[in-house]
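Derivation of every value follows stated rules applied to the coordinates shown; laboratory data play no part. Model, not experiment: these values are computed from the prediction. Please note: Cβ atoms are built from the backbone with ideal geometry, for glycine as well, and neighbour counts cover all protein chains shown.
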Amino acid sequence: MSKFSFRWLAWLACLPLTAVAAGADPAAARKLHFDAVVIDTHDDTTQRLLDPAFDLGVRHADGSIDIPRMREGGLDAIFFSIWIPGTTTGKEAVGKALQQIEAVKRQVAAHPQDLELVTTAAGIRRAAAAGRIAVLLGVEGGHMIDNDLANLRRFHELGVRYMTLTHSVNVDWADSSTDTPKNAGLSDFGREVVREMNRLGMMVDVSHVSDATFDDVLAISTAPVIASHSSARAIARVPRNMNDRMIRALAAKDGVMHVNFHMAFLSQPYTTAIKADGKRIDNAINAQAEERCGTDEACLIMTGSQLARERVAAGRLPRVEWTEIVDHIIYAARLGGAAHVGLGSDFDGADMPYGMEDVTSLPKITAALLERGVSPEDVRGILGGNVLRVMEQVEAVAAKH
Ligand SMILES: [Zn+2]
């Protein structure tokens with residue numbers, strides 16, 4: 001165990017325990033969860049929606065998200081990620097993004113009793129009050145604007161309310177955390193993109209971007225920003241996660257970091273094991289999935305998860321429990337404040353930990369947070385209140401333009 005691990009365990013140990021009694025009452029935890037506005041800021045289910053035969057309205061035996069399971073998990077609002085690999089660029093990237101937006105809208109149109117496309121914080125509250133799940137759109141990767149602000153404006157018009165500036169490779173105007181630095185952060189055009197997002201009222205998402213890009217965004221944005229799906233680097237040392245300084249800086253700007261549930265971002269032993277021996281296990285899983293799926297992204301993601309779990313069962317990878325999500329939430333809350341943490345599962349786009357196979361398990365997070373001494377008010381914020389506040393602030397900044 002590294003000194004990093006000791007340090008965060010010490011953090012967890014010194015949490016106040018005043019709310020233990022409330023947390024010990026499962027009925028109270030359940031009531032809080034189902035009363036709260038619960039928002040997940042990052043889901044990759046869109047890849048499945050590209051298959052015209054896929055119906056979000058029925059319960060599926062595979063994957064993590066569908067309407068019946070969102071109901072069971074008490075999820076009130078979901079940001080569907082519009083995502084294509086960063087290596088697909090140009091007009092093709094714009095076109096594919098538009099197809100995915102259409103695919104999400106088709107599901108909303110097919111299920112008007114259950115789903116409502118919304119674009120504002122008030123819209124989320126309204127839909128939740130009416131018993132419908134609010135559907136929102138986030139574009140994951142600035143490559144999809146094809147270096148043209150007109151495409152950004154078009155996405156906004158179509159309802160997109162955040163854009164993750166990069167995916168796992170650099171874009172021409174912003175560096176990714178998992179690529180070789182090219183722009184030392186944001187280029188001049190990258191700064192323009194952030195300013196235009198502020199003007200339009202679109203949240204800037206710093207998940208995936210390099211530390212230098214993160215710093216540039218924080219220096220420029222006139223509105224709070226989000227990390228739609230990022231965990232804590234002090235616990236799992238991957239560049240995709242946020243270090244302590246970034247967590248504090250994001251909070252100081254009144255932003256929200258939404259904890260990602262992906263096993264490799266939650267657990268250092270897991271991430272060490274999967275990348276050991278020159279990434280042998282990682283590469284083998286990818287090769288095996290590609291053999292089975294070709295370029296079908298939904299298939300690649302689900303097959304990859306299944307293969308990872310087979311290796312856990314065989315003892316080749318360590319098991320990661322869902323409670324590690326709670327560790328990251330509490331760690332980030334202690335650093336930056338509970339008002340600056342949220343949930344960004346990465347369901348249907350990543351390898352879920354044991355006990356968080358799908359959205360029906362979300363109430364367990366609420367119960368665990370209460371049990372570990374987080375106040376009911378702070379839990380409501382983490383579940384969705386915090387990002388609603390950011391959306392309102394982003395909307396207010398845009399209204400001033
Ligand atoms: Zn992502």
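To the nearest µm²/s, what D does Stokes-Einstein give for the chain at 20 °C and 1.002 mPa s, using the Kirkwood radius over alpha carbon pairs as Rh? Write out the running numbers ahead of the final one.
Values: Rh = 21.0 Å.
Answer from the Stokes-Einstein relation: 102 µm²/s.
May I ask you to derive the FRET efficiency for Asp188 and Arg30 from their Cβ-Cβ distance with R0 = 56 Å, giving the value to the nearest 0.05? Please list the in-between numbers first.
Values: r = 51 Å, r/R0 = 0.91.
Efficiency for this residue pair is about 0.65.
Where Lys and Arg each count +1 and Asp and Glu each count -1, what net charge lies around Thr46 among other residues with Cβ under 10 Å from its Cβ?
Once all neighbours under 10 Å are counted, the net charge is -4.
Per DSSP helix of 4 or more residues, -39500 (n - 2.57); summed, then divided by the residues of the chain. What does that give at 222 nm, rounded to the nearest 500? Mind showing how you got there, number by number?
Working: 19 runs with 195 residues, N = 401.
Calculated mean residue ellipticity at 222 nm is -14500 deg cm²/dmol.
Students often forget the sequence filter, so: which lysines lie under 22 Å Cα-Cα from Lys253 once same-chain residues fewer than 8 apart are removed?
Once the sequence-local lysines are set aside, what remains near Lys253 is Lys400.
Could you tell me which of rounded, prolate or oblate describes the stretch 80-221, using a ≥ b ≥ c as the square roots of the eigenvalues of the alpha-carbon gyration tensor, with rounded for a/c under 1.5 and, failing that, prolate when a/b is larger than b/c and oblate otherwise?
Working: a/c = 2.28, a/b = 1.72, b/c = 1.33.
Because a/c hits 1.5 or more and a/b exceeds b/c, the stretch 80-221 counts as prolate.
Run through all the Cα pairs of the stretch 146-304 and give the fraction in each 10 Å bin from 0, expressed as whole percent.
11, 34, 34, 19, 3
Can you tell me what the convex hull of the Cα atoms of the stretch 250-383 projects to on average, as an area in nm²?
Numbers: hull surface 36.2 nm².
For the stretch 250-383, the mean projected area of the Cα convex hull comes to 9.0 nm².
Relative contact order for the chain: what is it in percent, counting Cα pairs under 8 Å that are at least 6 residues apart?
Details: 820 pairs, mean separation 89.6, N = 401.
This gives 22 percent for the chain.
Cross-link partners among lysines for Lys182, C-alpha distance below 23 Å, same-chain residues fewer than 8 apart left out?
In chain and number order, the partners are Lys91.
Would you mind telling me which residue in Leu218, Leu136, Leu149 has the biggest mean-square fluctuation in a Gaussian network model of the chain, where springs connect alpha carbons within a distance under 10 angstrom?
Highest fluctuation of the listed residues: Leu149.
Expressed in nm to one decimal, what extension gain is obtained for the pair Asp172 and Glu196 from 0.36 nm per residue of sequence separation less their Cα-Cα distance?
Values: separation 24, 0.36 × 24 = 8.64 nm, distance 1.68 nm.
Gain on stretching Asp172 to Glu196: 7.0 nm.
Take the alpha carbon gyration tensor of the stretch 38-82, find the square roots of its eigenvalues, order them as a ≥ b ≥ c, and report rounded if a/c is under 1.5; if not, report prolate when a/b exceeds b/c, else oblate. Write down the numbers at each step before the final one.
Numbers: a/c = 2.25, a/b = 1.20, b/c = 1.88.
Cα axes put the stretch 38-82 in the oblate bin.
So which lysines can Lys364 reach, going by Cα to Cα under 25 Å and dropping same-chain residues fewer than 8 places off?
Lys31
Based on the mean of other beta carbon atoms within 10 Å per residue, what is the order of 103-113, 251-261, 50-60, 350-360, most packed first? Before the final figure, lay out each step's value.
Working: 103-113: 15.9, 251-261: 25.0, 50-60: 13.3, 350-360: 20.4.
Peptide ranking by packing, descending: 251-261, 350-360, 103-113, 50-60.
Mind checking which helices in the chain clear 27 Å along their axis (Cα) and have mean Kyte-Doolittle hydropathy of -1.0 or more, DSSP H runs only? Kindly include the intermediate steps, with their values, before the conclusion.
Numbers: long enough: 90-110 (31 Å, -0.22).
Span-like helices, by this rule, are 90-110.
Give or take rounding to whole Å, what are the principal axis extents of the alpha carbon atoms in the stretch 39-119, in descending order?
40, 26, 23
What does the charge dipole of the chain about its Cα centre add up to, to the nearest 20 debye, if the Cβ of each Lys and Arg holds +1 and the Cβ of each Asp and Glu holds -1?
Working: 42 positive and 51 negative charges, 170 e Å.
The calculation lands at about 820 debye.
Between beta-carbons, use under 15 Å as the cut-off and find the net charge around Glu72, counting Lys and Arg +1, Asp and Glu -1. Please report the intermediate quantities before stating the final value.
Values: positive: Arg30, Arg59, Arg69, Arg71, Lys364; negative: Asp40, Asp66, Asp76, Asp114, Glu357, Asp358.
Net charge around Glu72: -1.
Dipole of the chain (Lys/Arg Cβ +1, Asp/Glu Cβ -1, origin at the Cα centre): which of Val359, Val171, His340 lies farthest to the positive side?
Towards the positive end, the residue furthest out is His340.
Arg311 to Glu102: extension gain in nm, 0.36 nm per residue of separation minus the Cα-Cα distance?
On the way: separation 209, 0.36 × 209 = 75.24 nm, distance 3.66 nm.
Full extension from Arg311 to Glu102 adds 71.6 nm.
Antiparallel as a % of all DSSP beta bridges within the chain, to the nearest 5? Walk me through the numbers on the way to the answer.
Values: 3 of 32 bridges.
Expressed as a percentage, antiparallel bridges in the chain total about 10.
Sorted by mean Cβ packing within 10 Å, highest first, what order do the peptides 88-97, 283-292 take?
Values: 88-97: 16.4, 283-292: 14.9.
So the order, starting with the most tightly packed, is 88-97, 283-292.
Quick one: net charge around Arg248, please, counting Lys, Arg +1 and Asp, Glu -1 for every other residue with C-beta under 13 Å from its C-beta.
Numbers: positive: Arg233, Arg245, Lys253, Arg334; negative: Asp215, Asp244, Asp254.
Charge balance in the 13 Å sphere: +1.
If amide H atoms are built 1.01 Å from N in the plane of the peptide, which residues on other chains or at least 5 residues away come under 5 Å of the amide H of Ser210?
Asp175, Ser176, Ser177
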